[in-house]
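Only one structure is covered here, and it is reproduced in the block below.
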Amino acid sequence: MNEHVKGLALTALGVLFIVPDSLFVRLIETTPITISFWRNLVAGGLILSFVLLTDGPRAVTSLRQTGCAGLAYVVLFGIASISFVMAVAHTSVANVVFILAAMPVFAALFSRVFLGEALSIRMMLTMMGVFVGLGIILRGSHETAGAHWTGDLMALVVAACFAAALTAVRSLRARSMLPAVPVSLIGTALLMAPFADIAGSFPSQWPLLLGHGFFIAVAASLMTLGPRYISSAEVSLLILLESVLAPILVWATLGEDPGVWTLIGGAVVLAVLLVSNLWVLMRYRRAQSSSR
């Protein structure tokens, strides 16, 4: 298997493992803080075990060498992980995942502001289309059962923080950030511990709590490793699968209707990103072919 195929397989499998994330949040009957605590602690512990088994002490050295960019990644990834659970707890799953689909737009904005990278006409048109779709989603939040603007705002925080985390480590592209993930997850879990109902939730909810953490651990690991071998356009296209599959899974399992406004706005966001990323992918493939 060549590296490109390996990257596609790892990233796609990672996306499939992240799809049930929202469903777990809906099924676990406890507070959002408690869900976040167990989600991050279990996932962080599993990833830490994997990193120590494969890299040993070298993982610590590798993490230290990431410097300020690595620290920013740890903090921003932790904020995003907490905010995701809060978002799902306070608005519809469809709203959350469609808003998260706008992450590449935030990444482009941050790259322009902090790295001085120019915005192409394609990216500016993409931003305009995505913001129209997000506006439609926010417009319908007060009319859709289970949706609320506070959860939508938390979803925007997730998209912004994760995009900022990816921007912070752009200069470290050749280095795996997997050792930073358990530091972020376990660190945020410890910060939430005083506010979580740890003992009260585990006896009755342990299968879901452990299963949730396991799925996140696998997804985070695969989606950290896979994108190293493929283009950002291919990553973006694969991540769009979650935006399509997650609401369908929750709708089929729990009957959570995403609402007309969310479906319209989500369709706009996904269509704009699909066209934009396909355009980039075609240019990337043409450039590869001409260089051979």
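The values are calculated or read from the model by the stated rules, or taken from the named source; none is laboratory data. Note that the structure is a prediction, hence the values are computed from the model and not measured. Virtual Cβ from ideal backbone geometry, glycine too; neighbours counted across all protein chains shown.
What tally of residues in the range 88-141 results from selecting those that are outside any helix (DSSP H, G or I) and of a type outside the set (D, E, K, R)? Even if it seems obvious, please write down each step before you answer.
Going residue by residue through the range 88-141, those that are outside any helix (DSSP H, G or I) are 91-92, 101-102, 115-120, 140-141.
From what's left, of a type outside the set (D, E, K, R): 91-92, 101-102, 115-116, 118-120, 140-141.
Residues that pass the stated criteria total 11.
Residues in the range 51-61: is at least one over 18 Å from the mean Cα position of the chain (by Cα), surrounded by fewer than 16 Cβ atoms within 10 Å (Cβ to Cβ) and touching a residue at least 40 places away in the same chain (Cβ under 8 Å)?
Start the filter on the range 51-61 by keeping residues that are over 18 Å from the mean Cα position of the chain (by Cα), which leaves 51-61.
Subset that is surrounded by fewer than 16 Cβ atoms within 10 Å (Cβ to Cβ): 52-54, 56-58, 60-61.
Pick out the ones that are also touching a residue at least 40 places away in the same chain (Cβ under 8 Å) and you get 60.
Yes, there is a match, as at least one residue in the range 51-61 is over 18 Å from the mean Cα position of the chain (by Cα), surrounded by fewer than 16 Cβ atoms within 10 Å (Cβ to Cβ) and touching a residue at least 40 places away in the same chain (Cβ under 8 Å).
Taking Val181 as the residue in question, decide whether it is surrounded by fewer than 23 Cβ atoms within 10 Å (Cβ to Cβ) and not in a loop (DSSP other than H, G, I, E, B).
Details: surrounded by fewer than 23 Cβ atoms within 10 Å (Cβ to Cβ): no; not in a loop (DSSP other than H, G, I, E, B): yes.
No.
Return yes when Glu256 is acidic (Asp, Glu), over 23 Å from Leu46 (Cα atoms) and at pLDDT 85 or above and no when it is not.
Numbers: acidic (Asp, Glu): yes; over 23 Å from Leu46 (Cα atoms): yes; at pLDDT 85 or above: yes.
When the stated conditions are applied, Glu256 passes them.
Across the range 83-99, which residue is farthest from Trp261 (Cα to Cα) among those that are under 15 Å from the mean Cα position of the chain (by Cα) and surrounded by fewer than 24 Cβ atoms within 10 Å (Cβ to Cβ)? Give the steps one after another, and end with the answer.
Filtering the range 83-99 for residues under 15 Å from the mean Cα position of the chain (by Cα) gives 83-88, 93-99.
Still in the list and also surrounded by fewer than 24 Cβ atoms within 10 Å (Cβ to Cβ): 83, 86.
Working: Ser83: 23, Met86: 22 Å.
Per the stated criteria, the residue is Ser83.
Among the residues of the range 135-178, how many are buried (at least 17 other Cβ atoms within 10 Å of the Cβ), of a type in the set (Ser, Thr, Tyr) and closer than 20 Å to Ser22 by Cβ?
The total comes to 2.
Checking the condition touching a Phe, Trp or Tyr at 6+ places or on another chain (Cβ under 9 Å), in a helix (DSSP H, G or I) and surrounded by 14 or more Cβ atoms within 10 Å (Cβ to Cβ), which residue from Leu240, Leu209 passes? Before the answer, list the steps.
Numbers: Leu240 fails: touching a Phe, Trp or Tyr at 6+ places or on another chain (Cβ under 9 Å).
It is Leu209.
State all residues of the range 276-292 that are among the aliphatic types (A, V, I, L, M) and without any contact (Cβ under 8 Å) to a residue 12 or more places away in the chain; if no residue qualifies, say none.
So in the range 276-292, the residues among the aliphatic types (A, V, I, L, M) come out as 278, 280-282, 287.
Met282, Ala287 - these are the residues of the range 276-292 that are among the aliphatic types (A, V, I, L, M) and without any contact (Cβ under 8 Å) to a residue 12 or more places away in the chain.
Consider Arg26 carefully, then state whether it is of a type in the set (D, E, K, R), closer than 13 Å to Leu185 by Cα and out of contact with any Ser or Thr (no Cβ under 6 Å at 6 or more places or on another chain).
Numbers: of a type in the set (D, E, K, R): yes; closer than 13 Å to Leu185 by Cα: no; out of contact with any Ser or Thr (no Cβ under 6 Å at 6 or more places or on another chain): yes.
So Arg26 fails the test.
Would you call Thr144 part of a helix (DSSP H, G or I) and either at positive phi or hydroxyl-bearing (Ser, Thr, Tyr) (or both)?
Details: part of a helix (DSSP H, G or I): no; either at positive phi or hydroxyl-bearing (Ser, Thr, Tyr) (or both): yes.
No: the conditions fail for Thr144.
When the range 184-206 is examined, which residues are found to be acidic (Asp, Glu) and part of a helix (DSSP H, G or I)? Break it down stepwise before answering.
The first filter runs over the range 184-206 and keeps only residues acidic (Asp, Glu), leaving 197.
Residues satisfying the conditions do not exist here.
Can you find, within the range 212-237, the residue that is nearest to Met177 (Cα to Cα) among those that are in a helix (DSSP H, G or I) and hydroxyl-bearing (Ser, Thr, Tyr)? Give the derivation first.
Step one: filter the range 212-237 for residues in a helix (DSSP H, G or I), giving 212-229, 232-237.
Imposing the further condition that a residue be hydroxyl-bearing (Ser, Thr, Tyr) reduces the set to 221, 224, 229, 232, 236.
Details: Ser221: 10, Thr224: 7, Tyr229: 14, Ser232: 16, Ser236: 18 Å.
Filtering first and then ranking leaves Thr224.
Taking the condition of being under 14 Å from the mean Cα position of the chain (by Cα), of a type outside the set (D, E, K, R) and within 25 Å of Asp257 (Cβ to Cβ), how many residues in the range 11-45 meet it?
6
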